[in-house]
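Q: Mind having a look at this structure? Questions to follow.
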Amino acid sequence: MEPWNHNDTYGLVRNAFGQKQERLVRSSTQSVLDRQAFARYHFREVLRLSNTFERQHLKSCSMIHTYDGGPKREAFENYIIKIGAHATAAVQSIHAIPDILAHAIYFACGLNLGENKIEEHKIALPAVIGALKKDSTFKRICPLLINALMESHGSHIQLEQASQCNSSPTERGLDGQTKEIQRIAILVI
């Protein structure tokens with residue numbers, strides 16, 4: 001599958017639903033990208049801090065000896081606070097991605113414009129799947145989203161069924177821009 005082209009997505013959403021909807025999709029997709037970047041940054045900081053601490057304080061002794069007090073203990077306590085903060089931030093960023101992604105899909109499919117509208121504070125992947133099931137245009141992507149939801153309960157989202165989005169517009173049985181919006185909604189995941 002080719003990489004997701006954000007500008008194509010934004011153009012398709014703008015053509016199908018207007019500029020206001022495009023802005024909503026841009027905001028949501030940027031937030032997903034930001035959270036991924038934040039998680040990478042914080043994870044790399046945990047690794048960097050761990051390597052630095054080990055190199056500076058554990059060359060000649062084991063971790064147990066840092067509890068003897070003094071400068072090593074202080075360094076150890078600072079290290080624990082720093083890696084704890086970075087590890088927590090990484091996990092929180094990863095944990096937020098599915099719900100932010102649900103917003104991107106919700107807006108890309110124009111669900112906020114129709115009868116299957118979800119209250120803003122209730123937009124999450126399960127609710128978006130429920131709304132898509134009621135939408136004749138987009139209900140075909142529900143199995144992919146359900147798969148993503150089930151696989152995201154660990155640490156990330158993977159879609160091995162994404163090959164379905166490579167079918168031709170005729171095979172998908174949709175018309176005009178809606179075909180591409182469906183393809184993009186799948187790629188967003």
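FYI, it's all coordinate maths here, none of it is from the lab. Remember, predicted model here, so these are calculated numbers, not experimental data. For neighbour counting, all protein chains shown are included, and Cβ atoms are generated from backbone atoms with ideal geometry for every residue, glycine included.
Q: Can you compute the modelled spin-label distance between L113 and Y41, with each label point 7 Å from Cα toward Cβ, in nm?
A: It is 3.4 nm.
Q: Moving on. With each label point set 7 Å from Cα along the Cα-Cβ vector, what nm distance links N51 and D99?
A: 3.4 nm
Q: Can you give the FRET efficiency to the nearest 0.05 for K122 and E2, using r as the Cβ-Cβ distance and R₀ = 30 Å?
A: 0.35
Q: Setting aside same-chain residues fewer than 8 positions from K134, which lysines have a Cα under 27 Å from its Cα?
A: Within the straight-line cut-off, K134 pairs with K20, K117, K122, K179.
Q: Now a separate question. So for the pair S27, A75, with labels modelled 7 Å out along Cα→Cβ, what separation do we get in nm?
A: 4.7 nm
Q: What's the FRET efficiency of K139 with K20 using the Cβ-Cβ distance as r and R₀ = 22 Å, to the nearest 0.05?
A: Rounded to the nearest 0.05, the efficiency is 0.35.
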